[in-house]
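First comes the structure, then the notes that go with it.
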Amino acid sequence: MTELERKIKAKIPGPDTGIEVRHTICDICSPGMHCGINAYIKDGKVIKIEGIDGHPSNDGRLCTKGLSNRQYIYREDRVLTPLKRVGKRGEGKFEPITWDEAYAEIAKGLNAAKAKYGAESVAFYSGYSKWYRQMLRRLAYAFGSPNYGCESSACYTAAFMAWKVAAGEQGRPDMANSDLFLGWAFNPFYSSYMKARRAMALKEKGLKFLIVDTRRTPASEKLADLFLQPRTGTDGALAHAIANVLIQNGWIDKPYIDKYVYGFDEYAEYVSQFNESNIEQLTDVPYSQVVEAAKLIHENKRISCNESSAPLCHHRNGLQNYRAVMALTAITGNFDRKGGQLLSPHSYMHVGCGWEAHEHQYLYETRPKNVKDPVGAPRFPLWNYLEGEMQAMDMPRQILEGTPYPLRAVFALGMNARMFPNSGRMFKALESLDFFVDTDLFMTDAAKYADIVLPACSSFERGEFKPYPGGTAWYTSPAIQPLGQAKSDTDIVTELARYMDLPDEQLKEGYESFVQKYILDDLGFTVEQLKKVDLPIPVCKPEPHVDYQELDKGLKTPTGKFELKSAIMENHPEWGLDALPTYKDPLDGADPEKYPFMFTSGSRIPNAIHSRLHGVPANRSLRPVPTADMNNEDCEALGVKDGDRVTISTLRGSVTVNVHPTHTVPEGLVNLYHGYSEADANSLLDENHLDPYSGFPAYRSTRCAVKKEG
């Protein structure tokens, strides 16, 4: 072997090897991390990837998901050309067509629904990824439809709503300056992995951790000074019990409360019912541990909190659970305080980067007036009031029932039908549509139901603006040419708007124009400048925090205070929602004798996110078959051992999967990771078992039965 051959085999970049290193981002976990990637390119193909040293998100590191990007990009089921359905919906039979033919078919199908039923009969839906969502919303509005919606109907938005209700804007933990970190469902070792590294470093410096989780996780084992393990969905009751101990012992900041908090007296009276007489029965947490948690909070004055938007919110009591946890920072005087929870207005895509952008203006300035309410508005009035977009969890119902008006066509980017509770019903809804378009990298189960499938680029094949907390940003460039005829999502939206000649000139100008005018102009930077940098650069200098400055100015709530009692809900009694963060039992109405176990489908595993990586061989090999985690004692009682087959049943159906005995889950809980087509966890869930405040599905709290097979 020659020296050159050795260098090529070792993937050493240089003019002699023809290997070049180009920078891009991983958007598999869009839009949170967006880790920086060095892509090694030879002959136009990615041959190696690694993290970028010095990148603010990952500093040279990549998780198992990020490391899968090369296999992810070159999956065998990549969609490489526009496709037109030639078989029955769901069969997956398509023929290639040109982009012009695709746009013509889309214009024809969408306009036909508009002409027959009205513009509101067409829904515009976003799944993964998320970077194009501002423009998709504008496309819906330009078409005349109020029905823009996205997978955030089941992800994060409930948390954002809770923050809006309490403080008018989202908050973030000032973890580095805290004495105690309240990690409620904090599992960074499997999700947002760089937070795990940071947490371990802060623990070595003396930061204490109170970890609360339904399961035992690396965080509970490696970080916790105290670990509480409540029964799934009972977080609100546990938070109220801790609050009651704090209040009864005077371990609260009363001057702060009197000045900055609304509704405290009614809140204090309400939480007094969560005490030594009932809390273990409600949550499985011994009252002695509740007292110990309150003492830990009292002894460490500066507390910040991680209220995970998935484990807390994926219950029918989810938004109220989240509010209950948030309240602990308010009654201890730790909101808008160094070392506590700091107000963090989002700059872009719900990321607080340190500056105020005009994204909100871009989103809503063209919203059509005098149109019907978006899907889900009557059913979820608080969602509609705060978000003003389609609550997509109600979309399959409206498609099938046609009330309060027909919904007959869907234009989707990244539709994943398996994320909907009772996913089989969503597939029936897609089958019944007059017209359905889906855009994706892969031929997914949802795409098989589409009339037109459009090929999308990965993050390696397009450019994207990406800001980060701390005031840095960059604009990536394509590392490789698009595979086949794939286009970026924003180019698809722009070109369709031009083809249909929709009345939105700003939309027709495209993505870079949006970023420049609505995000960068006030910062004094240009898209072209950010395209030239190798790493995100400072584009603003965030102002240093001043304790209680935002509270002194008045929060963006009706009272100007942190609201333990929501003035918004108080002023709308017709909604039938409780203004206080009341606690309701999370479980559905199934007979506990017939369905004695609790079922959860929303947990994280390190090698996958939803169903996006199950088609990547290396990732799939880490958990190749659908497997339910159950407590060792439950498995012994059922007579099953590792790898045995069990059938999990609910009122909605059943799936048969392998079982894995473990002590990480408590007795009575069945934890089945979602996204497997052959054993779809979400097919077991009730489509009506939703949070009336947010519309979020109860992925994590459904009664089930388990039976051994064979």
All positions within the range 652-692 that are assigned to a loop (DSSP other than H, G, I, E, B), over 22 Å from the mean Cα position of the chain (by Cα) and more than 22 Å from E221 (Cα to Cα): R652
Filter result (at pLDDT 90 or above and in a loop (DSSP other than H, G, I, E, B)) within the range 617-651: P624, V625, P626, G639, V640, K641, D642, G643, D644, L651
Conditions (1) out of contact with any strand residue (DSSP E or B) (no Cβ under 7 Å at 6 or more places or on another chain); (2) under 30 Å from R70 (Cα atoms); (3) touching a residue at least 40 places away in the same chain (Cβ under 8 Å); number of the one not met by W474: (1)
From H610, H614, residue being in contact with a Phe, Trp or Tyr (Cβ under 7 Å, 6 or more places away or on another chain), assigned to a loop (DSSP other than H, G, I, E, B), touching a residue at least 40 places away in the same chain (Cβ under 8 Å) and more than 19 Å from N317 (Cβ to Cβ): H614
Matching strands (runs of 3 or more DSSP E) fully within the range 7-56 where at least 2 residues are over 20 Å from Y475 (Cβ atoms): 36-42, 45-51
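Each row is one residue, and each column tells you yes or no for (1) under 14 Å from A123 (Cα atoms); (2) of a type in the set (D, E, K, R); (3) assigned to a loop (DSSP other than H, G, I, E, B); (4) touching an Asp or Glu at 6+ places or on another chain (Cβ under 8 Å).
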site	(1), (2), (3), (4)
P421	no, no, yes, yes
D438	yes, yes, no, no
D445	no, yes, yes, no
K466	no, yes, no, no
Verdict on L496 being surrounded by 16 or more Cβ atoms within 10 Å (Cβ to Cβ), of a type outside the set (V, I, T) and in the same structural domain as S145 (by TED's automatic domain parsing): yes
Conditions (1) under 30 Å from P469 (Cβ atoms); (2) at pLDDT 95 or above; (3) small (G, A, S): number failed by S344: (2)
Looking only at the range 394-417, and only at residues there that are part of a helix (DSSP H, G or I) and out of contact with any helix residue (DSSP H, G or I) (no Cβ under 6 Å at 6 or more places or on another chain), the one that is nearest to Y74 (Cα to Cα): M395
Among the residues listed as N384, N416, the single one being free of Cβ contacts under 8 Å to residues at least 12 places away in the same chain and buried (at least 18 other Cβ atoms within 10 Å of the Cβ): N384
Test: K205 is without any contact (Cβ under 8 Å) to a residue 12 or more places away in the chain and in contact with a Pro (Cβ under 7 Å, 6 or more places away or on another chain): no
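The values are calculated or read from the model by the stated rules, or taken from the named source; none is laboratory data. Everything numeric in this text was worked out from a predicted model, so none of it was measured. Cβ sites come from the backbone with ideal geometry, for glycine too, and all protein chains shown count toward neighbours.
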